[in-house]
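For reference, the structure discussed in these notes is given below.
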2 protein chains.
Amino acid sequence: MADLSELELGYDVPALPGMASGEIQTPALVVDLDALERNLARMRGFAETAGMRLRAHAKTHKSADVARLQMSQGGACGICCQKVSEAEAMVRAGITDILVTNEVRDPVKIDRLARLATRARIIVCVDAPENVEPLSQAAQRHGVTIEALVEIDCGAGRCGIEPGPPAVRLALAIAGAKALRFAGLQAYHGPAQHIADPAERAAAIAAAADVTARTVSLIRDAGLDCDIVGGAGTGSFPFEARSGVYNELQCGSYVFMDADYEKIRAEDGGRVGGFENALFVLTSVLSLPTRERAVCDAGLKALAVDSGLPRVFDKPGVRYTGASDEHGVLAVDGGELDINERIKLVPGHCDPTCNLHDWFVAVRGQTVETLWPVTARGKVF
Amino acid sequence: MADLSELELGYDVPALPGMASGEIQTPALVVDLDALERNLARMRGFAETAGMRLRAHAKTHKSADVARLQMSQGGACGICCQKVSEAEAMVRAGITDILVTNEVRDPVKIDRLARLATRARIIVCVDAPENVEPLSQAAQRHGVTIEALVEIDCGAGRCGIEPGPPAVRLALAIAGAKALRFAGLQAYHGPAQHIADPAERAAAIAAAADVTARTVSLIRDAGLDCDIVGGAGTGSFPFEARSGVYNELQCGSYVFMDADYEKIRAEDGGRVGGFENALFVLTSVLSLPTRERAVCDAGLKALAVDSGLPRVFDKPGVRYTGASDEHGVLAVDGGELDINERIKLVPGHCDPTCNLHDWFVAVRGQTVETLWPVTARGKVF
């Protein structure tokens with residue numbers, strides 16, 4: 001737990017342990033601990049049943065405390081990070097098994113990554129042959145071995161080398177490098193996570209699994225094993241699990257669930273994975289200009305709107321209709337709101353929302369149980 | 001200047017003074033000091049010619065260093081903040097004349113605001129009679145006087161009491177409260193800032209100025225003076241200046257200019273106010289999967305996209321076409337990009353972009369001159 005003794009309520013921290021949830025200073029990131037724990041158990045159960053490893057993506061929460069819960073209670077074998085500085089923050093906080101699901105090309109960052117491998121198991125993605133030697137040389141300088149996955153473009157259209165022979169050549173180059181170890185394939189299909197229709201989503205992952213399976217097979221023919229075949233997010237993981245190709249799931253959003261993931265449906269029409277909302281931006285009403293319009297204190301600096309506006313939780317007749325820098329406009333279609341009334345918002349997109357805040361206020365029932373720092377907040381280098 | 005001696009390059013800070021700009025660790029917020037200084041001089045000249053006070057809005061940059069430049073070089077009489085904690089951060093950094101352009105209703109925040117008034121001139125907005133007594137009592141507890149503006153809804157449809165008689169009654173209530181001083185009117189029209197067509201924008205501000213003038217006149221009839229009639233943003237300030245009603249301009253974005261403000265035009269068809277791009281998100285290329293597609297390291301956690309994607313600066317043939325959490329996809333229509341090549345992005349919206357970062361890297365020419373902390377980063381309470 002963080003040392004809160006020097007911190008000032010309402011300036012440094014939004015709450016203090018033991019406080020009633022109604023006293024939390026707003027806007028604040030609030031975690032419903034009971035819901036979080038049920039989400040952890042649910043994903044653990046899924047991975048165990050599927051016989052897969054779970055490597056939870058910490059880019060969602062950037063919190064070493066949540067990462068530790070994912071590993072202790074949630075069945076995760078380690079975590080994923082997206083940036084070197086994010087991984088550094090996690091290693092400093094005691095996490096020692098990290099996959100950086102990204103390319104690292106800048107010489108300073110490559111050196112930092114190799115240095116990190118003196119303190120933790122570090123796996124990194126590679127999508128270009130020119131990256132192999134700089135990584136290997138940095139690892140040699142620091143007397144470590146860095147594990148490397150070949151990232152293939154399995155249909156996502158972002159990073160990743162072409163599947164098939166180019167990926168095989170890259171795998172062989174990694175395997176031949178002095179201080180690298182070829183550890184397998186990274187085959188994450190980001191855009192598929194948000195395809196609303198389950199059949200279309202299944203088709204996108206089936207296509208990704210196809211090219212991945214073909215590449216795994218060619219790599220095996222070339223004499224190498226893929227210890228890790230990783231990918232999958234909260235929107236698609238049942239499909240990757242079913243494919244028989246993947247063996248590591250990299251889901252992140254399942255711990256919290258955001259409004260954007262509520263829009264997509266599972267095959268039975270229900271919510272994907274059955275996860276609950278465990279993360280909220282708590283906001284207060286600060287102005288009631290008309291009977292139909294209220295203004296709250298959470299705007300663009302308290303929640304991310306890239307995937308749509310937040311959903312008002314458990315308050316029928318009230319909708320969040322517009323965000324400006326520090327204000328949210330609420331349409332009141334029924335009932336009434338009071339000045340200073342607290343409202344829970346389900347963020348449209350958890351990951352960039354968490355990155356806006358310094359603290360998670362972890363609440364059980366109506367009481368603040370603890371505060372967790374957003375350990376890697378702003379660690380975007 | 002911040003003490004940088006304990007800070008680690010690439011983890012705590014993106015750059016160090018004296019460094020060449022090509023060595024800055026990315027993504028990073030970069031300020032072009034020459035452009036910034038020209039923007040400061042331009043706005044100072046405008047306000048002096050118009051005979052108006054400038055009270056620069058610090059919500060744009062959240063930086064005490066930029067605020068100090070606005071007051072020392074830029075002709076500002078003080079600054080605006082949007083939240084109590086933002087004002088606290090600025091007072092702690094030595095700024096002593098602050099208007100909180102917002103309602104403060106939470107009892108803890110009201111108390112903090114009154115405490116702040118023991119160290120600085122504090123002005124706050126009020127849009128409801130029920131707010132008067134709590135503010136006055138807090139001011140009495142701390143032995144201070146708080147100045148209060150009546151915020152009217154001049155067409156923006158966010159906070160603000162109805163102009164005319166309701167505003168007059170509120171002004172009288174403030175004037176009658178023991179520890180408050182009635183200081184005038186807040187009449188800011190936010191949505192008007194972003195109306196692309198200058199004639200429509202002029203009409204919106206003309207309507208706002210009309211109801212404001214009428215309210216000022218009624219308040220005078222009731223025996224009170226409006227020392228401050230404040231409002232105006234970077235998109236509209238020439239219209240407020242011309243109205244003869246306003247006497248304080250609250251522009252913020254003019255210091256940096258963002259891509260969203262580039263879309264709107266001045267009456268002569270040129271850029272509003274003639275301000276230059278002085279703020280960039282510097283990013284690096286980390287993957288080149290195809291000849292037409294590059295991937296850079298600045299995504300949703302390094303830049304805000306609420307007002308559109310960033311514009312690529314000074315690099316014809318390259319467009320930023322998609323943001324995910326930590327990646328940006330670049331379409332390369334002509335020419336070539338190299339791995340690790342630095343690209344300057346003009347953020348769609350400066351205010352929430354600055355709030356994502358811990359540091360401004362202040363560059364003159366090709367050299368890092370200094371670093372400024374984003375003093376009030378995350379101060380959203």
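The values are calculated or read from the model by the stated rules, or taken from the named source; none is laboratory data. All figures in this text were calculated on a predicted structure; none of them were measured in a lab. Here the Cβ positions follow ideal geometry from the backbone for every residue, glycine too, while neighbour counts run over all protein chains shown. With ligands, DNA and RNA removed, areas are computed over all heavy atoms of the protein, side chains included. Shrake-Rupley method; radii C 1.70, N 1.55, O 1.52, S 1.80 Å.
Listed values, structure above:
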quantity	calculated
Solvent-accessible area buried by B and A, counting both chains, probe 1.4 angstrom, square angstrom	5500
Most mobile listed residue (B:P191, B:P238, B:P316) in chain B, GNM with C-alpha springs under 10 Å	B:P316
Label-point gap, in nm, between A:E292 and A:L16 - each point 7 angstrom along Cα→Cβ	4.4
For the range B:295-381, diffusion coefficient by Stokes-Einstein and Kirkwood Rh (Cα), 10 °C, 1.306 mPa s, µm²/s	112
Carbon plus sulfur fraction of accessible area for the range A:224-381, probe 1.4 Å, in percent	47
Longest to shortest principal axis, alpha-carbon extents of the range A:10-69, angstrom	46, 21, 16
Given charges at beta-carbon only (K, R positive; D, E negative), |dipole| of the protein assembly as shown in Debye	520
Sequence-distant residues sharing a close amide H with B:S324 (under 5 Å, placed H)	B:L300, B:V329
Computed magnitude of the charge dipole of the range A:34-257 (debye, nearest 20; Cβ of K, R +1, Cβ of D, E -1)	580
Top of A:L16, A:L172, A:L185 by mean-square fluctuation, Gaussian network on chain A, Cα under 10 Å	A:L172
Amide hydrogen neighbours beyond the local backbone of B:H57, cut-off 5 Å, H modeled	B:C80, B:C251, B:G252
Fraction of the pair-distance distribution of chain B above 40 Å, Cα-Cα pairs, percent	18
Cα-based Rg / Dmax (Å) for the protein assembly as shown	26.6, 91
Tilt relative to chain A, helix A:165-176 - C-alpha long axis, 0 to 90 degrees, to 10	80
Listed residue (A:L288, A:V305, A:L356) projecting farthest to the positive dipole end of the protein assembly as shown, Cβ model	A:L356
In sequence order, calculated HN-Hα J values of the range B:295-306 (Karplus, 6.51, -1.76, 1.60; Hz; x Gly/Pro)	10, 10, 9, 10, x, 5, 8, 10, 8, 8, 10, 4
Neighbour net charge for B:D260 - beta-carbon separation under 11 angstrom, K R +1, D E -1	-2
In order through the range A:330-347: 3J(HN,Hα) via Karplus (6.51 cos²θ - 1.76 cosθ + 1.60), integer Hz, x for Gly, Pro	10, 8, 9, 8, x, x, 9, 10, 10, 4, 6, 5, 8, 10, 9, 10, 8, x
Net charge, B:N355 excluded, C-beta distance under 14 Å - Lys, Arg +1, Asp, Glu -1	0
Part-to-part distance (alpha-carbon centres) for the range A:213-285 and the range B:214-269, which is given in Å	50
FRET efficiency, B:L7 to A:A199 (Cβ-Cβ, R0 41 Å, nearest 0.05)	0.20
Net charge contributed by nearby residues that have their C-beta within less than 12 Å of B:R181 (K/R +1, D/E -1)	-1
Positions from the range A:319-351 whose accessible area shrinks by 30 Å² or more when the full protein complex is built, not the chain alone, probe 1.4 Å	A:D325, A:E326, A:H327, A:I339, A:N340
0 to 90° range, to nearest 10: angle between helix B:198-221 axis and chain B longest Cα axis	30
Long-range amide H partners of B:I228 with built H, under 5 Å	B:G184, B:L185
Area projected by the alpha carbon convex hull of the range B:234-381, averaged over all directions, nm²	11.0
Relative compactness, the range A:34-257, computed as alpha-carbon Rg over 2.2 N^0.38 Å	0.96
Accessible area per residue in Å² at 1.4 Å probe, computed on chain A	33
Sequence-separation-based contact order of the range B:33-268, relative, with Cα cut under 8 Å and 6+ spacing, percent	18
List of the range B:120-158 residues, accessible area with partners at least 40 Å² below that of the chain alone (1.4 Å probe)	B:R158
Trypsin sites (Lys or Arg not before Pro) within the range A:276-381, DSSP loop, no more than 11 other Cβ atoms inside 10 Å	A:R291
Of B:S236, B:Q137, B:I195, farthest towards positive along the dipole that unit charges on Lys, Arg, Asp, Glu beta carbons give the range B:113-253	B:Q137
Centre separation in Å (Cα based) which lies between the range A:99-175 and the range B:62-77	45
Value at 222 nm in deg cm²/dmol, rounded to 500, when DSSP H runs of n ≥ 4 in the protein assembly as shown each add -39,500 (n - 2.57)	-8500 deg cm²/dmol
Nearest-20 debye value, the range B:236-293 charge dipole, Cβ charges on Lys, Arg, Asp, Glu	280
Degrees separating the helix B:107-116 axis from the principal Cα axis of chain B, which is the longest one	90
The range B:39-58 and the range B:337-381: distance between their alpha carbon centers, rounded to Å	24
DSSP-loop GluC sites (Glu not before Pro) across the range B:297-380, with at most 12 other Cβ within 10 angstrom	B:E336
Chain lengthening between B:T118 and B:T96 when straightened (0.36 nm per residue, less Cα-Cα)	6.9 nm
